[in-house]
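The values are calculated or read from the model by the stated rules, or taken from the named source; none is laboratory data. Note that the coordinates shown come from a computational prediction; the quantities given were computed from them, not determined experimentally. All Cβ positions, glycine included, derive from the backbone under ideal geometry; neighbour counts span all protein chains shown. All accessible areas refer to the heavy atoms of the entire protein, side chains included, with ligands and DNA or RNA removed. Shrake-Rupley method; radii C 1.70, N 1.55, O 1.52, S 1.80 Å.
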Amino acid sequence: MIFSGVATSLLFLQSCGTSDSIEMTPPPLSLPVVKVLSQTTSTFKEYPSILEGRENVEIRPQADGYLEKTYFDEGDFVKAGQVLFRIEAQRYQEQSRNAEASLQAAKAQLERSRLEVSRLEPLVKNNVVSEVQLNIAQAAYKNAEATLAQAKALAQDADINLSYTLVKAPVSGYAGALPFKTGSLISRGQQQPLTVISDTREIYAYFSMSEIDFLKFKEEVNGTTIGEKINNLPLVELVLADKSVYAEKGKIEIVQGQFDNTTGSIRFRASFPNNKGILRSGSTGNIRIPKLHDHALIIPQEATYEVQDKTFIFTVSKEKRVSSKVIDIKGKAGQSFIVHGVAADELIVYSGHDRLRDSVIINPQLISADSLFKIGTAQ
């Protein structure tokens, strides 16, 4: 009986030990995967730019005196020929009246000289008076002609000076700041202009390329000369300060002749139509130059992870085994990367990288590419 109890106890202990030693193998992780896409798409290279109107005209006084009136306000749109300022004109009006009086006196003197010549000519023919008297009268007539010409010039100059007391807009555009108020004494020699008018019907966006970017531009764009290459560039976009994209596309027109030694960059200019007056001189933005990629390999940005400044993905084999791989990012399009180092239609893990290690087998859950790949503007 004692032996039977011991045997039963041993069997019970052996049974318990066998149960504890059994390890349950967890099922493979179910993780979302996507296929690497191959398609034609565009990326963009952005360059900070400063906007300027086609013409920025400084309005400077050409007459001295007190500023009597300003006919517009800062930021107003003014038209070519519109009166902007009135300068005290009394002194110039007096000069104009004196010049006009001198002009009338010169005309009268010329008429008297003409009559004297007309009176003497028949008398000389009839030998009533000597020819010397006629010569003197003719010389006086020529002198009167010169005096009249001089009087006309002085009168015109006086009228011009008087007209300068009304300062008019030479071009249409938006007016800038008004540093001088009514009653300010202004002069032709002052350094600061009365205002600046910006003709913004067309806006120039100035931006710079580094030497590396410029070399890439020369290599990648078709054309034998820089001018031909610029003409072959696609239309560009302007990203405004609020990150919105300006509705009109622009054209790169000019490149500076040489690099700036201080910055190591070369300057470009792009022009944009601005008929609605949305863009203003002095504002900023980013020029976006597109680049077309044929048969680009595209993966979602979220399908990557970084380790020590390198970008990795997890690929999935036919046996559903994952392995990490370093990829080379060539560009960004929307929420996706254009990459080298993978093959079209290759499966990669979309998310859950922190739970993976090389050679782990997973249960891949294929996600439709249309719901993930948002190909758009590069950042």
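Annotations
- Sorted largest first by accessible area at a 1.4 angstrom probe radius, with every protein chain in place, the residues Lys318, Lys181 fall in the order Lys318, Lys181.
- For the residues Glu219, Glu302, a 1.4 Å probe over the protein chains yields an accessible-area ranking, largest first, of Glu219, Glu302.
- Range of Cα positions in the stretch 187-295 per principal axis (Å), largest first: 62, 34, 24
- In the stretch 124-190, the portion of solvent-accessible area held by carbon and sulfur atoms comes to 54 percent [1.4 Å probe, whole percent, DNA, RNA and ligands not counted].
- Cα-projected label distance for Ala139 with Lys35, points at 7 Å along beta-carbon direction, nm: 11.0 nm
- Straight-line reach from Lys181: taking Cα to Cα under 19 Å and skipping same-chain neighbours fewer than 8 places apart, the lysines in range are Lys69, Lys168.
- Members of Lys216/Lys243; Lys79/Lys276; Lys45/Lys325 lying beyond 19 Å, as alpha-carbon distances in this model show: Lys216/Lys243; Lys45/Lys325
- Estimated FRET transfer efficiency (Glu100, Tyr66; beta-carbon r; R0 35 Å; 0.05): 0.90
- 22 Å Cα-Cα reach of Lys125 towards lysines, excluding residues that sit fewer than 8 places from it in its own chain: Lys142
- Lys218 versus Ala108: modelled label distance in nm, points set 7 Å from Cα along the beta carbon direction: 7.7 nm
- Of all the options Gly285, Gly227, Gly250, the one that moves most in a Gaussian network model of the chain with Cα springs shorter than 10 angstrom is Gly227.
- Label positions at Ala241 and Arg357, each projected 7 Å from the Cα along the C-beta direction, are separated by 5.3 nm.
- Full-stretch length increase - Asn232, Ala146 - with 0.36 nm per residue and alpha-carbon distance subtracted: 24.7 nm
- Look at the alpha carbon pairs under 8 Å that are at least 6 residues apart: their mean separation over the length of the stretch 189-331 gives a relative contact order of 24 percent.
- Expressed as a whole percent, the accessible area of the stretch 204-335 that falls on carbon and sulfur atoms is 47 (1.4 Å probe).
- Each of Phe272, Asn222, Met209 was placed along the dipole of the stretch 205-325 (beta-carbon charges, centred on the mean Cα), and the one lying farthest toward the positive end is Phe272.
- Computed E for Lys251/Asn275 - FRET, C-beta separation, R0 22 angstrom, nearest 0.05: 0.90
- Span per principal axis, largest first, for the Cα atoms of the stretch 81-230 (Å): 96, 51, 24
- HN-Hα J in Hz across the stretch 95-112 - Karplus 6.51, -1.76, 1.60, θ = phi - 60°, x for Gly and Pro: 4, 5, 5, 5, 5, 5, 5, 4, 5, 5, 5, 5, 5, 5, 5, 5, 5, 4
- On a per residue basis, the convex hull of the C-alpha atoms belonging to the chain measures out at 282 Å³.
- Gain on full stretching of the segment that runs from Asn261 to Tyr305 - 0.36 nm per residue minus C-alpha separation: 11.9 nm
- Projecting the alpha carbon convex hull of the stretch 241-303 along each direction and taking the average yields 7.9 nm².
- Adding -39500 (n - 2.57) for every DSSP H run of four residues or longer, then dividing by how many residues the chain holds, sets the calculated 222 nm ellipticity at -9500 deg cm²/dmol.
- Kirkwood Rh and Cα Rg combined as Rg over Rh, evaluated for the stretch 273-324: 1.30
- In sequence order, calculated HN-Hα J values of the stretch 330-346 (Karplus, 6.51, -1.76, 1.60; Hz; x Gly/Pro): 9, x, 10, 10, x, 9, 10, 10, 9, 10, 10, x, 10, 10, 4, 6, 5
- Per-residue surface analysis assigns Ser208 an accessible area of about 50 Å², computed on protein heavy atoms at 1.4 Å probe radius.
- Computed with a 1.4 Å probe on the full set of protein chains, the accessible area for Ile278 sits at about 100 Å².
- Contact order relative to length of the chain, as percent, for alpha carbon pairs under 8 angstrom and 6 or more apart: 28 percent
- In this view, the solvent-accessible surface of Arg91, computed with a 1.4 Å probe and all protein chains in place, comes to about 120 Å².
- Å² of accessible area per residue within the stretch 214-327, as computed with a 1.4 Å probe and no ligands counted: 60 Å²
- Mean sequence separation of contacting Cα pairs (under 8 Å, at least six apart), scaled by the length of the stretch 145-247, corresponds to a relative contact order of 17 percent.
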